[in-house]
Protein chains: 2
Amino acid sequence: MPVYHPEALEALRAAMKESGIDYYLMTSSDCHASEYVSNYFKVTEFVSGCTSDNVILIVGEKDAFLWTDGRYFISAAGELAGTGITLMKDGEKGVPGVGEWLKERLSRSEALTLGFDGRQVSAKLGASYRKLATDCGANVNGEAALIDSIWTDRPALPSHPVKVLPEEICGKTFPEKLSDLRECLRREGADFLVLSKLDDIMWLTNIRGGDVDYNPVALSYALVTPAEFFLFIQETELTEEFRAYAEKYEIRLLPYENVFAFLKDYPFAEGAGKSSPAILCDGSASTDAMMQLLASKGNLIDMPNPTEIAKACKNEVEMENIRKYYLLDSAALCKFIFYVKKQMELADSDKEPDFPSASPLTEMAAARKLDALRAEIPGFLDLSFPTIPAVGGNAAMAHYAPEGEGDVIEPHGFLLVDSGGQYLGATTDVTRTIVIGDLTDQMRRDFTLVSAAHFRLMNAVFRKGTTGYQLDMLAREPLFAHGLDYGHGTGHGIGFILNVHEGPQRIGSVRPGTTPVPMAEGMLTSDEPGIYRENEYGIRTESITLTVPYKETEFGTFLRFECLTWVPVDREAIDLSYLSTEDRRMLNDYHAGVYEKVAPLLNEEERKWLYEVTREI
Amino acid sequence: MPVYHPEALEALRAAMKESGIDYYLMTSSDCHASEYVSNYFKVTEFVSGCTSDNVILIVGEKDAFLWTDGRYFISAAGELAGTGITLMKDGEKGVPGVGEWLKERLSRSEALTLGFDGRQVSAKLGASYRKLATDCGANVNGEAALIDSIWTDRPALPSHPVKVLPEEICGKTFPEKLSDLRECLRREGADFLVLSKLDDIMWLTNIRGGDVDYNPVALSYALVTPAEFFLFIQETELTEEFRAYAEKYEIRLLPYENVFAFLKDYPFAEGAGKSSPAILCDGSASTDAMMQLLASKGNLIDMPNPTEIAKACKNEVEMENIRKYYLLDSAALCKFIFYVKKQMELADSDKEPDFPSASPLTEMAAARKLDALRAEIPGFLDLSFPTIPAVGGNAAMAHYAPEGEGDVIEPHGFLLVDSGGQYLGATTDVTRTIVIGDLTDQMRRDFTLVSAAHFRLMNAVFRKGTTGYQLDMLAREPLFAHGLDYGHGTGHGIGFILNVHEGPQRIGSVRPGTTPVPMAEGMLTSDEPGIYRENEYGIRTESITLTVPYKETEFGTFLRFECLTWVPVDREAIDLSYLSTEDRRMLNDYHAGVYEKVAPLLNEEERKWLYEVTREI
């Protein structure tokens, strides 16, 4: 069933008229700030046909406007053609932003009404549109659930049975985590906590679900009270195992759909034993509807979920599991690179008419090969995101995904592969750029500088309190020196059998309105500088690090990164003239580690190859 | 006349009673956020006797409390002994901060009144105390000028005649700067600008004063309207030259003392031609009284003064003057180092009874020698701060100033000298750590790592938009790697014949509540990493940089630092085993530059010495 319904736009306008709404605003996010959104939540696509990830759609009586960012200008223009909806290229000169546009429109006459469904608008956007409308003398209806009535064949909410993680791999039981969490709440002066963030709920309860692609999370909400723990989850997801677990740990199960009704009636004051209970809820991970409701029930403490930092700092048991699976995952990628190199030799030898032709290796065939190698690892659950195999200029595109089989991998230049797995003990993520043919001097220089950037950050020592925003400079500096840079962050956090992207740490620029978070012991973070040349090639080297103690001195506590990824950085593309003595030492040390750790996991042919590609340079 | 009056505390309590004030709050700042405060403004010292720089004093009916920071705990304890005033060691565990304390006190009974003189309380503190008091149900009287009536022999306001800078060294005339400024105001939607920051006013008008030690500024306020420019300045400061200048450029001169009365009556609405005029005033550089007054006159735009960034980015003419004077200033310091080295040789040879004893060199004698060398430079006006000469453990103390003659400089370890001058074309600042005797291995290692830190930052290339908070990491990383660090920022901005410390850029951590400012072309910034070992020694190497273009590429605009300070980094303390090949190259390149530039400015003996100390290592 297609999500897009060409007749939805007019149906929506009729519903707007009935509800007295002049402008109706929709976003492409779900209720939980998830990275992947299921069809159920795709209201902007339902009305406009636009499949972009980052969309705000506003429908007026006679016109409609859709904002998206530069990644989607081309695709969105095609999808919107003929719909009567105007594409607003967000960030382009002369194109008003949503706020500016709304301000102009809502000021046109008296008492216009802006409507939206606050359950699917983030708290931050909701608050800003509410203020803006009020400033313009307009009314706001944030409970306008217009799509519910007109989307008659709406897909069901995703629903997959939840699994309980074996406690021996979690390091802490749910009651232990809950007790730590209640201690945090006490410190913050909060009586209650409402969680909307799915990975936080999964981490806290030691369960995993399957409701978001590649993210093993279940659609849910949680309420922590001084004495009880409520989990809102779809009935269809409850297994016998989970019911028993919930009973053992006194997890009060309630239907996912009832969360708003339940919270509306919940006696917060009584539960806290005071007239003005304090409710902690992270506005950056909640919806406008949730924040509006909770604000009416007590003093709202809007701050990051205490679960966020607890989840980010892996415990000893998690770290041991992570180290183990990262090594197995690295070995799979080594096997894959060996395979690709061999295929390329065959393809190259094609030119000799004596040899039989090898079937051409496409991007997707390469991805399938790698996915199969991962699937052989005991404990493999899923990929942590769709494998990205990109040759030539494809690798210079952000968020590249091959169409169909993708391009044939010809023996020229680079193949960039970004991939990762979900295992019963780790979520992995790794990128290597593989030499598959002849390189130009510029390709070698770019590759070598990315490698230097990667190892300089990897080998950093930093004082406790240092933020990723500061560390970012260590990776960029070798590129800056040559007038080069990359348009993305250098590192993101990674979950434990959870989302491949998680906060709060980030190695990179500070997002407006946020405070950079210091790197702390146990954080699992990527190190992934790159260089991208449009239509030519893309280079990225990504390894994953664990923040660990280095030493204590009279000057403070110092931390360092432990590398978890053990996959060769392609020596064929290294131009030694761009490496300092120290850069070279770091590369050689790393390669010695790769051979030592991975060789025992390979067959003889692979081991011989690994020996060659990790030799001192 | 001493500032402290032991009877002032009781006189103040009587005045409080008369005005119905339960707690009276005073700070040690002047009305302009100046670094040095004249006696006129020392109200906290007048009441308490405490001479610390960073004080908040609160007097109650029966008790009184004084907060200061760790630098002053020892001196403040001595000064407060017997006064009945309790010292609050700010930041120490278990010691409530001012806010916490006020909250507790103001909640004790109904409708207490907190009083202060808003003309001498910063806007930020004023706003926070006002909110706090209101939250506690207390009253606020921010116009309680109680000190005025009880300090009968109060020192006069400082007053020195202002000088008009020759226009040929300013690069831009006052009307040009004013026109640029009005353009900025238009962009920000501001009709008016009120300036309280003295160096901003001096920069804008191209005049200089002498009312704050070492900072060539005149006590003043300025009001920029759409059509006029008002300068509030003491009558006693007006020279014939300046009056003529003011007339030529239509600077409306008004008495400094009348600024509040004038602004209170000023017809802002009429001047802007609209009922709700927008007034820009930088709350971080203004007083509570000023912000309260302006808020009653229109829409207040509280943002950094547009003059701040314009002042920070030096123009071509300023840069040429700066380069010239930095070289002359560097030569003076080279001469000084040569002198010290020779004195140390003499002191050392003392041990041989055949030679006559050299008179011992004290810290202050060394400072006088250096100050005299600077004073010989044509165009010398003043020091930019008191020269800091520090031997042994003295150099490990922040803000060290010798008492009397200070310590005798014995031929052991290091002499750290931090100094600078005001010239008719530049304000300078430079620190070198000079080997004056035997060193330990640890001293050599520390010195070498500080040198590496200094040159790595100095040689950085960075993309436009990079902030000092990011760049800071390049200087810290070589220290972090050995578990070392320093407790101060790596770099501050420097004025043009103005304050030796100015904003908005800063190479270092971000002060809470502020946004880091990107480094921009023309910024003059220090590069001064260090290592300090309590009671043993202190090392700092400080050079000044100018941010200049590096190159434009498809990846962006890149900037670099041009070094302006040309003084040897003492080779005697370099341990090559702690320098990478690249670190060594940077040191040698720098020394080659020092010899090439400074040698022509020295006599033959000095030149020979310079040749030796700048040879390739």
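By its C-alpha gyration tensor, with a ≥ b ≥ c as the square roots of the eigenvalues, how is the range B:119-162 shaped: rounded for a/c under 1.5, else prolate for a/b larger than b/c, else oblate?
Values: a/c = 5.48, a/b = 1.98, b/c = 2.76.
Since a/c reaches 1.5 but b/c is at least a/b, the shape of the range B:119-162 is classed as oblate.
For the protein assembly as shown, the 222 nm mean residue ellipticity estimated from helices alone, with every DSSP H stretch of n ≥ 4 adding -39500 (n - 2.57) and the total spread over all residues, rounds to -11000 deg cm²/dmol. Projecting the Cα positions of A:F174, A:W203, A:P226 onto the charge dipole of the range A:163-312 (unit charges on Cβ atoms of Lys, Arg, Asp and Glu, taken about the Cα centre) puts A:P226 furthest along the positive direction.
Amide H to amide H, with H built 1.01 Å from N, B:H492 comes under 5 Å of B:I507, B:S526, counting only residues 5 or more places away or on other chains. Take B:R511, push a point 7 Å out from Cα through the beta-carbon direction, and compare it with the same point in every other copy: 2.8 nm, smallest first. Only one residue of B:L114, B:T86, B:G556 has its Cα farthest out toward the positive end of the dipole of chain B, where Lys and Arg carry +1 and Asp and Glu -1 on Cβ, and that residue is B:G556.
Test of understanding: ordering B:E308, A:E143 by Cβ neighbours within 10 Å, fewest first, what list do you get?
Details: B:E308 23, A:E143 14.
Fewest-to-most Cβ neighbours within 10 Å comes out as A:E143, B:E308.
Basic side chains Lys and Arg get +1 at the Cβ, acidic Asp and Glu get -1 at the Cβ, and with that the dipole of the range B:316-613 about its Cα centre reaches some 780 debye. Checking the Cα-Cα distances for A:K62/A:K93; A:K172/B:K131; A:K248/B:K93; A:K297/B:K131; A:K131/B:K89; A:K89/A:K341 against a 31 Å cut-off, the pairs over it are A:K172/B:K131; A:K248/B:K93; A:K131/B:K89; A:K89/A:K341. Oblate is the label for the protein assembly as shown. Its Cα gyration tensor axes, ordered a ≥ b ≥ c, give a/c of at least 1.5 and b/c at or above a/b.
Which FRET efficiency, nearest 0.05, do A:R585 and B:H488 yield, Cβ-Cβ r, R0 25 Å? For A:R585 and B:H488, the calculated efficiency is 0.20.
Normalising by the residue count of the range B:8-150, find the relative contact order in percent from Cα pairs under 8 Å and 6+ residues apart. Working shown, then result.
Values: 231 pairs, mean separation 37.0, N = 143.
Relative contact order for the range B:8-150 comes out at 26 percent.
Around the Cα centre of the range B:8-150, unit charges on the Cβ atoms of Lys, Arg, Asp and Glu (plus for the first two, minus for the last two) sum to a dipole of about 240 debye. Can you compute the label reach from B:E270? Point 7 Å from Cα along the Cβ direction, backbone N cut-off under 20 Å, restricted to the range B:293-314. Correct set: B:294-299.
Between identical copies, the spacing of B:S109 label points, each set 7 Å from Cα toward the C-beta atom, reads 6.1 nm from nearest to farthest. Residue exposure proxy: A:F555, B:F242, A:F260, ordered by other Cβ atoms within 10 angstrom of their Cβ from fewest to most, comes out as A:F260, A:F555, B:F242.
A simple spin-label model places pseudo-atoms 7 Å from Cα toward Cβ; at A:A375 and B:L576 they are separated by 6.0 nm. Classification of the range B:8-150 by its C-alpha gyration tensor yields a rounded form. The axis ratio a/c (a ≥ b ≥ c) stays under 1.5.
Model label points for B:A127 and A:N39, set 7 angstrom from Cα along the Cα-to-Cβ axis, are 5.1 nm apart.
Residue pairs exceeding 22 angstrom between C-alpha atoms, taken from A:K342/A:K369; B:K163/B:K314; B:K314/B:K464; A:K342/A:K608; A:K464/A:K551; A:K197/A:K311: none. For A:A295, inter-copy separations between label points set 7 Å beyond Cα along the Cβ vector come to 2.2 nm, shortest first.
With the alpha-carbon atoms as the only input, what is the per residue convex hull volume for the range B:441-573 in Å³? Could the numbers behind the result be given before it?
Numbers: hull volume 17.2 nm³, N = 133.
For the range B:441-573, the hull spanned by Cα atoms encloses 129 Å³ per residue.
Principal axis extents of the C-alpha atoms in the range A:163-312 (largest first, rounded to whole Å): 40, 29, 27. Here the simple spin-label model places points 7 Å from the Cα toward Cβ, and for A:T557 and B:L424 these points are separated by 5.7 nm.
For chain B, the longest principal axis of the Cα atoms and the long axis of helix B:363-375 meet at an angle of about 90 degrees. Once the Cα atoms are used to define both axes, helix A:174-187 deviates from the longest principal axis of chain A by about 60 degrees.
Can you give the FRET efficiency for B:T86 and B:A14, using 1/(1 + (r/R0)^6), R0 = 22 Å, r = Cβ-Cβ distance, to the nearest 0.05? Intermediate values should be presented prior to the final figure.
On the way: r = 21 Å, r/R0 = 0.94.
According to the calculation, E is roughly 0.60.
On full extension, the segment bounded by B:C184 and B:E104 gains 24.4 nm, given 0.36 nm per residue less the C-alpha separation. Taking the fewest neighbouring Cβ atoms within 10 Å as the starting point, the ordered list for A:I309, B:I233, B:I58 is A:I309, B:I58, B:I233. Toward the positive end of the charge dipole of the range B:316-613, with +1 on the Cβ of Lys and Arg and -1 on the Cβ of Asp and Glu, the farthest Cα among B:A573, B:G393, B:T545 is that of B:T545.
Laboratory data are not the source of any read-out in this text; all were calculated from the coordinates shown. All figures in this text were calculated on a predicted structure; none of them were measured in a lab. In this analysis, Cβ positions are derived from the backbone assuming ideal geometry, glycine residues included, and neighbour counts consider all displayed protein chains.
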